[in-house]
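Please read the structure below before turning to the comments.
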Amino acid sequence: MATTTSAPAAEESTGEYTHAQILTILSGLLLGMFLAALDQSIVGTAIRTISDDLNGLSIQAWVTTAYLITSTITTPIYGKLGDLYGRKKLFLFAITVFIIGSAACSFATSMYELAALRAFQGLGAGGLFTLVLSIIGDIVSPRERAKYTGYFMGVFATSSVLGPVAGGLFAGADSILGITGWRWVFLVNVPIGILALFVVTKNLHLHHQRREARIDWWGAVSLVIAVVPLLVVAEQGRDWGWTSERSWACYVIGVVGIALFAFVEARMHDDALIPLRIFSNRTMTVTIIASIIVGAAMFGAITVLPQYMQIVHGASPTKSGLMMLPMVVGLMTTGIIAGQVTSKTGKIRIFPIIGTGLGGVMMIVLSFITADTSLVLVMVGMLFLGLGIGGCMQPLTIIAQNAVPPRDIGVATASATFFRQMGGTLGVAVFLSLLFSTLGDNIKSAFADAAPAIKAAAASGSIPKTAIDKEVLSGSTGVISQVQNDSSIINRMSDVLSHPFKVGFSDSMSTVFLGAGCVLIFGFLVTLLMPKVELRASSAQAAARAERDTANGNGNGNGNGNGHTAADAVAASHPVGTAEISQLAEADAEADLQRDHDGLAHEGSHAAAIPTVVGEHPSDPDPADGRHAGSPGRHAAP
């Protein structure tokens with residue numbers, strides 16, 4: 001392992017880190033990512049116990065919704081601020097807020113209080129995923145970055161398995177060290193977060209050149225107006241009714257917010273929270289659409305598959321988490337393979353294409369499962385589903401980071417993460433709505449098919465005359481409503497009566513898998529539109545250093561007097577694509593223009609009229625804005 005002093009020393013001259021130094025930095029970054037990934041799974045497992053203890057079962061969804069709203073909204077904000085002011089301090093701030101929020105959640109005395117504290121916790125969580133991926137983009141080139149995919153997949157794998165297990169253990173314990181068991185669901189984040197703070201502070205050394213820009217406050221406000229009502233209706237619409245007055249109010253406010261956000265971002269140009277120019281980049285547009293689709297299918301599958309294990313096969317939350325291991329193994333396997341192949345060949349476009357295609361096919365295959373399907377066959381299907389989705393997650397993020405100039409890596413990463421999160425929220429809402437909207441009819445059909453067997457069992461006296469069995473035998477439709485709210489009722493029925501309920505659930509889940517499969521097949525068609533991707537061979541930090549050296553007259557263009565530009569140097573030393581060369585060529589042109597300006601200023605002519613920001617013009621009404629009144633500015637072209 002590298003020492004804390006070797007990283008800056010080695011990086012000082014080249015802008016690149018060694019593998020050992022990257023692993024040292026990565027240890028802190030992955031701890032931060034582990035915090036967010038673990039929290040999502042551990043709270044979901046324990047929420048039923050928490051809501052029972054705080055007497056708020058009917059409003060438990062608000063605890064999830066509050067966290068989801070703040071973490072989603074802050075994602076693009078962290079990305080933009082990181083590009084402007086540096087990521088290390090921002091990352092430490094996000095971890096600190098998350099730790100404080102986690103500790104505060106453990107003291108909650110009501111569900112409304114817990115929802116408010118979860119919202120505060122989400123303010124920190126929004127920066128964890130985005131800043132980790134952006135920092136990696138700073139210190140590792142896109143081509144080499146793929147090699148570290150396995151580490152990220154390992155974090156997701158560990159949290160996916162450990163979360164449900166730990167959540168079940170904490171929720172099932174009356175007390176641990178004198179503290180109510182479920183409160184450790186939040187307290188466990190504190191020591192992990194403190195360790196992450198220590199490692200990041202000691203080992204992460206980033207060189208950032210601060211860029212002054214207008215803060216897009218109105219963009220942030222309009223994003224809140226656009227996203228909050230849409231997230232709320234996505235989470236609550238099934239209970240409210242998708243055509244209820246409250247749902248329609250959310251739809252209208254959300255649409256108005258989207259229009260306002262687009263208007264504000266167009267006016268803010270390069271200072272926008274999510275610059276609209278990135279959507280004119282074909283690679284970025286395809287990546288964002290694919291991220292939405294993969295997010296919807298992935299989160300939909302992760303939500304429905306554990307329910308199949310628990311409801312149909314009677315597994316506990318802890319066991320259902322362990323049963324997800326085949327899918328996790330698939331995710332890790334493809335992630336590692338994709339990373340190694342990409343690092344050696346530079347080819348990455350093929351993985352999202354194969355991933356969405358394989359994932360879509362396996363979703364459709366899983367739509368044929370029934371209540372009596374062997375768990376072994378289901379797990380084999382989950383393995384191949386993981387292999388498919390694993391080829392999409394990190395490759396899409398790397399492609400997004402590679403599609404923009406180094407100065408926009410934070411925005412690109414945050415945009416891909418933000419839209420994947422929105423797709424996941426939409427997918428869970430749509431697929432759960434599809435599940436429960438078809439459940440009642442499917443259970444009734446299953447009972448009609450099982451009627452002869454039920455009558456024979458009742459006549460033979462093999463059905464216990466418990467209260468729930470008597471209610472089912474009476475033909476009461478109220479039991480179906482009870483099961484939709486509390487599926488544990490099924491476990492209290494005799495086998496002959498519970499089986500039709502399990503058949504109904506499996507049939508509805510099959511419909512969900514079929515829908516998710518169609519979504520992923522559409523994603524496959526979208527990824528075919530992605531143009532050829534040539535990964536940069538240098539990190540964003542190294543490219544930024546080259547730009548600074550060129551601008552300061554220390555690059556190849558001026559330092560040695562041979563007339564070669566930074567773009568020429570990169571073209572000669574790295575077999576990279578035209579994207580990187582053109583970006584450095586742009587930096588050379590900007591540096592030349594700056595030197596011309598400096599020369600004029602030095603001669604004393606027009607000294608007061610010549611602006612200090614490239615792209616300004618003496619006729620600018622507001623020199624601080626950095627744009628010509630009649631032109632889109634230097635960064636207008638994607």
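No lab work stands behind these numbers, since they all come straight from the coordinates. Remember, it's a predicted structure, so these values are computed and weren't measured experimentally. Quick reminder, even Gly has a Cβ in these numbers, built from the backbone with ideal geometry, and neighbours come from all protein chains shown.
Note that the stretch 273-285 has calculated 3J(HN,Hα) couplings of 4, 10, x, 5, 5, 5, 7, 7, 8, 4, 4, 5, 5 Hz, one per residue in order, obtained from phi through the Karplus relation 6.51 cos²θ - 1.76 cosθ + 1.60 (θ = phi - 60°); glycine and proline are x.
Its Cα gyration tensor gives the stretch 217-272 an equivalent ellipsoid; the semi-axes, largest first and in whole Å, are 27, 9, 6. Which residues' amide hydrogens lie under 5 Å from the amide hydrogen of M324, considering only partners 5 or more residues apart or on another chain, with H built in the peptide plane? For M324, no residues qualify. Remark on I176: its backbone amide H falls under 5 Å from those of G181, a criterion applied only to residues 5 or more positions apart or on other chains, H modelled at 1.01 Å from N. The slack in the chain from F107 to F263, taken as 0.36 nm per residue of separation less the alpha-carbon distance, amounts to 52.0 nm.
Rg over Rh of the stretch 403-530, using C-alpha atoms and the Kirkwood radius, what does it come to?
Values: Rg = 22.0 Å, Rh = 17.8 Å.
Ratio value, two decimals: 1.24.
Here the spin labels are modelled as points 7 Å beyond Cα on the Cα-Cβ line, and at W217 and A249 they lie 2.8 nm apart.
Less than 11 Å Cβ to Cβ from P395, Lys/Arg counted +1 and Asp/Glu -1: what total charge do the surrounding residues give? Walk me through the intermediate numbers first.
On the way: positive: R145, K347, R349; negative: none.
Net of charged neighbours comes to +3.
Karplus-based coupling profile of the stretch 426-441, in residue order and whole Hz: 5, x, 4, 5, 5, 5, 5, 5, 5, 4, 7, 6, 9, 5, x, 5, with θ = phi - 60° in 6.51 cos²θ - 1.76 cosθ + 1.60 and x standing for Gly or Pro.
Residue-wise HN-Hα couplings along the stretch 298-304, as the Karplus relation 6.51 cos²θ - 1.76 cosθ + 1.60 with θ = phi - 60° gives them from phi, are 5, 5, x, 5, 5, 7, 7 Hz; Gly and Pro carry x.
Take the Cα atoms of the stretch 317-443, build their convex hull, and give its volume per residue in Å³.
Details: hull volume 16.2 nm³, N = 127.
Value for the stretch 317-443: 128 Å³ per residue.
Pairwise alpha-carbon distances in the stretch 1-210 exceed 28 Å for 30% of all pairs. For the stretch 246-385, the calculated P(r), taken from all Cα-Cα distances in 10 Å bins from zero up to the bin holding the longest distance, is 10, 27, 25, 23, 13, 2 percent. For the stretch 217-272, the relative contact order works out to 47 percent when only alpha carbon pairs closer than 8 Å and six or more residues apart are counted. Shape analysis of the stretch 54-117 places it in the oblate category; the axes a ≥ b ≥ c from the Cα gyration tensor give an a/c of at least 1.5, with a/b not above b/c.
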